[in-house]
Amino acid sequence: MASPSETSESPERPISRWLPAALLCGAVYSAVGIGFAFLDRSGIPAVPHFWRFAAWVVSAVVFAAHTIREAQRPAATSFRAALHVAIAAALGAFLLAVWILAHSRVRGAPINPYAILALVVFPLVTGIPAYAVALAATTFLGRARGPR
């Protein structure tokens, strides 16, 4: 009889296990950034920059939850888990850059070259530090959990 890893119905499908969570987290990051930016400009009385700070806190919670989830996957290495978390963060930053570009076009503003550059820069300046932090966190979580 074939082992589960040798069959076509393998329980560990590399992409299908992590991709939905990465896509969801990326969408949440961008929605938080866009939504809280609207709240920051809405005129709702609050401490200056409260909504920006709240967006950072919500994003940090999503990042932590995603990092813990990836670290707890049975076949996950720290490197893979960190990569999955970083991909989600980079995706969120990319979606935010797309929104900035689209929003300026809807308002009738000319295409800003910096907005186009943001399509590359935002994911890089978000994904690389996210990878480093997630790698440190998943390594720590792996050591704290002990041998498998």
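The values are calculated or read from the model by the stated rules, or taken from the named source; none is laboratory data. Note that the coordinates shown come from a computational prediction; the quantities given were computed from them, not determined experimentally. Virtual Cβ from ideal backbone geometry, glycine too; neighbours counted across all protein chains shown.
Quick check on this structure: which one of 71, 31, 76 is part of a helix (DSSP H, G or I) and modelled with pLDDT under 95?
Of the residues listed, the single one that is part of a helix (DSSP H, G or I) and modelled with pLDDT under 95 is 71.
Table: residues versus (1) farther than 19 Å from residue 32 by Cα; (2) aromatic (Phe, Trp, Tyr); (3) part of a helix (DSSP H, G or I).
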| residue | (1), (2), (3) |
| --- | --- |
| 91 | no, no, yes |
| 101 | no, no, yes |
| 108 | yes, no, no |
| 117 | yes, no, yes |
| 126 | no, no, yes |
| 131 | yes, yes, yes |
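Taking residue 102, is it exposed (fewer than 14 other Cβ atoms within 10 Å of the Cβ), closer than 13 Å to residue 30 by Cβ and among the aliphatic types (A, V, I, L, M)?
Criteria met by residue 102.
Step by step: first the residues of segment 105-147, then only those that are among the β-branched types (Val, Ile, Thr) and surrounded by 14 or more Cβ atoms within 10 Å (Cβ to Cβ), then the one that is nearest to residue 67 (Cα to Cα). Which residue is that?
138
Please work out if residue 38 is modelled with pLDDT of 95 or more and over 25 Å from residue 142 (Cα atoms).
When the stated conditions are applied, residue 38 does not pass them.
Name the residue that is nearest to residue 33 (Cα to Cα), counting only residues in segment 49-64 that are surrounded by 14 or more Cβ atoms within 10 Å (Cβ to Cβ) and aliphatic (A, V, I, L, M).
Across segment 49-64, the extreme among qualifying residues is 55.
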